Structures are given as structure tokens and as C-alpha cells.
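The values are calculated or read from the model by the stated rules, or taken from the named source; none is laboratory data. Just so we're clear, the structure is a prediction, and the values are computed from it rather than from any experiment. Methodologically, a virtual Cβ is constructed for each residue, glycine included, from the backbone with ideal geometry; neighbour enumeration extends over all protein chains shown. We work out accessible area using only protein heavy atoms, side chains counted, and drop any ligands, DNA or RNA first. Shrake-Rupley method; radii C 1.70, N 1.55, O 1.52, S 1.80 Å.
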Amino acid sequence: MSTRPYWQQEITYLKGVGPHRAVALQESLNIYTWEDLLLCFPRKYMDRSRLHTVATLQEEGEAVTLTGRLGAFETQGTGPGKKRLTSTLDDGTGTALLTWFQGTQWIQRRFKPGDEVVLFGRVSFFQNQAQLVHPEIDPLRDEEHAVLNHLKIVPFYPGSDALKQAGLDSRQLRRLVHAVLEAAPGLPPEFIPAPLTAQYQLLPREQALQQVHFPQDRALLRAARRRLKFEEFFLLDLVMFSRRQLRRLQRPAPAFPHIGQLFNTFYENHLPFQLTQAQKRVIKEVRADLALPIQMNRLVQGDVGSGKTLVALMCALIALDNGYQVALMAPTEILAEQHFRSFSHLLAPLGVRCQLLTGSVKARARKPLLAELLDGSCHILIGTHALIEDSVQFARLGLTIIDEQHKFGVAQRTRLWQKNQALAPHNLAMTATPIPRTLAMTVYGDVDISVIDELPPGRKPITTTMRGDPHRLRVYGFLREELEKGRQAYVVYPLVEQSAKTDLLAVTHGWEALSQYFTDYRVGIVHGRMSPEDKEGQMRDFKERRSHILVSTTVIEVGVDVPNASVMIIENAERFGLSQLHQLRGRVGRGAEQSYCILMSGKWPATRDAQQRLKAMCEHQDGFRIAELDLELRGPGDFLGTRQSGLPEFRIADVVMDADILGEAREAARQLAIQDPDLQQPEHQALQQHLNRYIRQNGLAELRL
Ligand code: ADP
Ligand code: MG
């Protein structure tokens, strides 16, 4: 006998689950214990709580429950798809026709004409007579049926081929869940503290688990689902909030109380343009954080082109003014190089020393660079993930800046933060992939968010259109006109790992075609398989206008800044996510001229789904709105890249649909984290235990956003 509470027993100890089924449950639904089964929630419900009568059936397609007596069986037709079993049901008000194409022998073995049965199925009408094709059928007086199915709101569980082969259809799963609930000497206990369940009017946990599987009525089902959704949000928010509290109590951070000479000189004499109000506001927010010896963890969200780099640079100056070093990490070499160039250029007059460290910096150059870092003569180190290598050690690292932070894994970001053992460096992260507010609240519970919600003046909306192969010559004609005006253009191809070979081929073919068509212009090419020097050379040529069209894979997706480029052509646009398209489009529209984005659909006319998505791109310019649409179309898992973000998947909650519950749960978690951050109070013991298990099971111990 195991000493675990009964609900943590292995699923094989449940009656009706042999080794074969146990494997199917584990592999398809991640069910290992009885509790896992209870937490496997129905995908949908069918309301069978009303009994219908044959005489009153009207609506074609309506799902109905009928009871009555079976008539004679007849087998009609021959051959697959034709051969069928028919019968009738007489319920005293009329007669309905019944037809089955499959499982006919089983039905004939189990039922005889004259039996009283319950049927459930969808109505159709055949020569004005009601008929049910393939109804579920049960004996009226079957006790198990009466408990599980009869006149209830019936749950339907997720399915898979493996489950089906193990004989675990929704009906069988229903039976297993019922067995767990029945065997209960008590269900998994409540863990949300009583004052909160009262304040938010939450159904007690036991009742919610009962009702979500076998709802008594719609109102209770709704209450049960609300409670369980609340629970999911609450746990995650609690992790986030307590982490934030902890971060504040652990290693102190260096305080940067002075706004010194570098910042002021730059602000007064070297600003390349006037800051937007939004940029000023965000710099102020960061400044306030940096003044305190509490580690800052702030995410700046700003649409592409909103000027995040300049904000980062000014924040770096605050650190420098207070005698600390800064590390800036970007996801690609091209981007790191670009930042390095603009930082070096803008900061040269101030005597600030910047260095670049990427994978392609050779050992010989690396040595003096690392020495400079250690003696503090290098002030700002800019680079790729090469920055996190152990050999990179700072004298006094005080601020880390992570550009396009969604491109980094959790572990990479964390390792950079370990580079000052004495004091925790402040963190500034930047992203142009706006997280819709509903999601950000939960995902970034331990992060403060600043939003640059204003573009620099003079930007015109980018004219976006959807085209296909039949329009290619017209598109090229248009491109030529723009080139003749002295503009430059990007042509971007998708590249995904699964089809990398063909994708690369498409890029090179595209490049050849364009080179042949635009003989009087230079066409450059950049893709991930090129050597860093070649890439760099191509980028520089484009930036300095020695080439006019740049063909590339998505390496240019993030951050690259060439204001003279005014045309963005995206090939096979339907293969990109909306947020990615928005990022790509953001490469143009950076100068004063009207810019254009042409979404080339690989198929023309595009599929309905592709049309819908590309049309959304043509209509919307606002990155936040597009992110929301993307989230609606793809769901939060794909949107965040769940695996990378390290977030658990929600079992029942939906960050988009359940925003109001999310808000309540978050508020509840906040209250609690303030009141008892370590959950030390006796009345929070159940919660603490549950939370620890939740953190373990979801691998959240390492999570740090
Ligand atoms: P992102 O937020 O996408 O990283 P960048 O920082 O690359 O955007 O800035 C986009 C462009 O806007 C750059 O060319 C930058 O020099 C310019 N820029 C930034 N701030 C301003 C401003 N306040 N006024 C005018 N142009 C600006
Ligand atoms: Mg940027």
C-alpha cells in the first residue's frame, strides 16, 4: 500500500486501467495519477438534460434524447457504406427511424425489438419522418448509464488514435473519471485560502472537480469552470509575484542615484533628434528604477521603429555615470553589429569605449577585449549570446540590456545576470513583439513594463497590399519605379528548419531572377548559411547604398535599420505569423518617404485562411492590434513559443477569453504575496504545499522571464 493520498496513486491502480491503457493515458493526455485524470477537463459538453418527444421534433440537426421501445431490426443494402441496420423507436407520441452503419452486430446482440432504450443523437428528416443516424443507444434501466449519461450535461474528453485503440473513447474516460470520484475518501483538498474563496465567490475545489466532470446544471458548470480557471491563473501569478518579492529581498543591486555628465552632455549636445514624449517617459521610468538598490527588471515594449535603441543608449549612460559597465545582448550578429556601430558613433564624442563581441570575433582580438572588460576600460560591451560565455568577466557590470528579448531563452538571459556576483545588475529588456495586455499581466508578473506608444514624427503608414504570381511583373515594374527614385528594397523569403534546403534554394533562385531582371541595379543576398563576414559585407553594401535590392531570409527580421529602404516584398507571406510579418514590414517606413509592403502569396488566389490573415496585415498598422489578432488566430502557446518561454500550458483557462477571471486571480495573488510572501502563515500551508508541487511539476523553478 502506498502512503500517498489516494488521488496521487498511479493510474494503473484504478479499476479498468490495465498497463495498455495506462500507457495510452500517459502518452496522449499526460495522465499518470488519479489526480491527473481529474484535471483532464472535458473539451466540450452536450446538454442532454432535456428529454424530447418524437412528436415535437422539429429542428434538423438538433441533438436530442429520446426514450421508448425499439421496433424490429432490418438489415438493408449491401457493400460498404450501403449496408445498414435499421429499426424504429416508438415513444408513445410518434415513431422515429433509426439507422446504423457500423457496430450493427454489437447492437443486435445487445438489444431486442421491444426493449426500452435511451437514444441520443442528431435529428434529420426523411420524407417528413424524424430519423436518427447512428444514435448512441443504452438500455433505459442500465444503472451505469443512468449515472453517466442519462438526462445530464454530458462531458466529452479529448481523444487520440492511441486512446481509441486502447478502447478509451470519451464514454470510457467518463467512466474512469467517475470511478475516481466514487472511490474518493475525500477529493484533493482546497488550497485557496478561505478569505479569497469567499471574496471571489469561488466554488470549493471538491465541488468544482465534481461539477466540471458531471455537472448538475449549467450554472454549476459555469461556476466550476470559473473556479478552475481562477485556480490556474492564481497559481502562476503567485509564482510570479513571490519571485518578484524575492528578487527584491535577495542580492541588492547597485543604485545609480546620479544623472551625471555623460547623460547630460549627450542629452544637451549630441542627441540626433528630439526624443518623443514616449521615449522621455520611458527613460524617466527607468531612471527612477535605477536610483534604487533594488534590481530593476523592466521590459520596454515598443512597436518597430519606435526608437528603443536610443532609450537603451541613454539608460546605459546613467549606469556609466555611476561608475558601472553595461552589457547589451542582441539575438543576431547583424543586429549586434548595427548597435555597436550606432553606439560607437553616437558616443565617440563623449569618450565612451564600446566593444563588440560575437561568435566571429577571433581569439586574437578577444584577448585584449576581455582584458579591457576586466580592468573596466571598456564601458559598454555589445554582442550576441557570445556575451554569456564564462570567459567574459566584467569589473563592475551594473546594467544588462537585452534587445528583442523574446528571441532569447530563459537560461541565456539568466546567465548574463550572473556576471556580477556581488550586486545584481539591473535589467532592461526590449521587445517589438508586443504582448497583448491580457497575456503580459500573467506572463510578466515579475517584470515591470514600459510602453513606447508613439512613433517618431513624420512616419507615414506603410501602404500594404496582397499580391500573387500573376502580378509579379507589375510588382517588379513598381519596384523599378521606386528604385529609380533612389529608394532601396528588401525581398524576403521564409526559412524554416524543416524545409531549410528547399527554402534556401528559393532564396538563391529569387536572387538570380531579380539580378537578371534588374540588370542596372545591384542585388545583394543575405542568409544564415553565409559566413559572418559575407553577411556583414552584404549588409554594409546595402546600408551604404552600394546595393539596391537585398534578398534575404528572415535574418533581417529584427531590428535592422536602413531608412532609405522603402519597399518590402515578402514572398510566400502566408507562411509567416502575423507578428513576424509586422516585424518585417517594420524594416521599411523608417525614413520620410512613403513606404510599401507587398505580401506575395505563394498560391493565388490564396486560401481563405491566408487571405484572412494577409488582409489583416493590409488593414492594420498597430503592432499591438496585430499581436492580438495573432493571438486570436494562433493561441497563446504558439504566440509565446510556450516551450521557450517556459510557461506551463493552461489546462482549462484561456488568456484571451478569460481575461476578466485573469484580472481577478491576479489581484488575489497580489494581495496574498504582499500579505505573506513566503506563505509562512499556518492558514497558507495547504497553498504552499500545492504551489511547490505546481512549481515542480511545471518545471517553473528555473523560470525567470
Ligand atoms: P526599434 O524600436 O524598432 O528598435 P530603432 O531604435 O531602430 O527602432 O529606431 C528606428 C529609427 O528611428 C532609427 O533610424 C532611429 O535613429 C530613429 N529614431 C529614434 N528615435 C527617434 C526620434 N525621437 N525622432 C526621430 N527619429 C528617431
Ligand atoms: Mg530595435
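Couple of notes before you dig in:
- Of the trypsin sites (Lys or Arg not before Pro) found in segment 62-146, those that fall in a DSSP loop while having at most 16 other beta-carbon atoms within 10 Å are LYS82, LYS83, ARG141.
- DSSP beta bridge pairing in the chain, given as percent antiparallel to the nearest 5: 35 percent
- Sparsely packed GluC sites (Glu not before Pro) within segment 44-90, loop by DSSP, other Cβ within 10 Å at most 13: GLU59, GLU60, GLU62
- Restricting segment 531-616 to GluC sites (Glu not before Pro) that sit in a DSSP loop and have at most 10 other Cβ atoms within 10 Å of their own Cβ leaves GLU544.
- Shape analysis of segment 463-620 places it in the rounded category; the axes a ≥ b ≥ c from the Cα gyration tensor give an a/c below 1.5.
- Computed on the chain, with alpha-carbon pairs under 8 angstrom and 6+ residues apart, the relative contact order is 13 percent.
- For segment 492-508, backbone phi angles converted through the Karplus equation (6.51, -1.76, 1.60; θ = phi - 60°) give residue-by-residue couplings of 10, 10, x, 9, 10, 4, 4, 10, 4, 4, 5, 4, 5, 4, 4, 5, 5 Hz, Gly and Pro being listed as x.
- Amide hydrogen neighbours beyond the local backbone of SER450, cut-off 5 Å, H modeled: LEU299, VAL300, GLN301
- In order through segment 153-160: 3J(HN,Hα) via Karplus (6.51 cos²θ - 1.76 cosθ + 1.60), integer Hz, x for Gly, Pro: 7, 9, x, 10, 9, x, x, 7
- If you take all other residues with their beta carbon under 15 Å from the beta carbon of ALA219, and give Lys and Arg +1 and Asp and Glu -1, the sum is +4.
- The mean sequence separation of alpha-carbon pairs under 8 Å and at least six residues apart, normalised by the residue count of segment 271-398, gives a relative contact order of 27 percent.
- Considering only GLN680, VAL282, LEU370, the residue lying farthest towards the positive end of the dipole of the chain is LEU370, judged by Cα position with unit charges set on Cβ.
- Put simply, the convex hull of the Cα atoms in segment 50-151 casts, on average, a shadow of 6.4 nm².
- Amide H contacts for ILE525 (H built 1.01 Å from N in the peptide plane; partners 5 or more residues away or on another chain; cut-off under 5 Å): VAL551.
- Degrees, to the nearest 10: 218-249 long Cα axis against longest axis of the chain: 30 degrees
- Neighbour net charge for ILE137 - beta-carbon separation under 15 angstrom, K R +1, D E -1: 0
- Per atom type, the chain shows carbon and sulfur on 51% of its accessible surface, probed at 1.4 Å.
- Segment HIS178-VAL133, length gained on full extension (0.36 nm per residue, minus Cα span): 13.4 nm
- Label point distance in nm, SER531-ASN698, each placed 7 Å from Cα along Cα→Cβ: 4.8 nm
- Kirkwood hydrodynamic radius of the chain, from inverse mean 1/r over distinct Cα pairs, in Å: 29.7 Å
- Calculated accessible area for the chain comes out at 46 Å² per residue, all protein chains present (probe 1.4 Å; ligands, DNA, RNA ignored).
- Segment 92-98 - phi-based ³J(HN,Hα) in whole Hz, Karplus 6.51/-1.76/1.60, Gly and Pro as x: x, 9, x, 10, 10, 7, 10
- Charge dipole of the chain about the Cα centre (unit charges at C-beta), most positive-ward option of LEU328, TYR32, ALA22: LEU328
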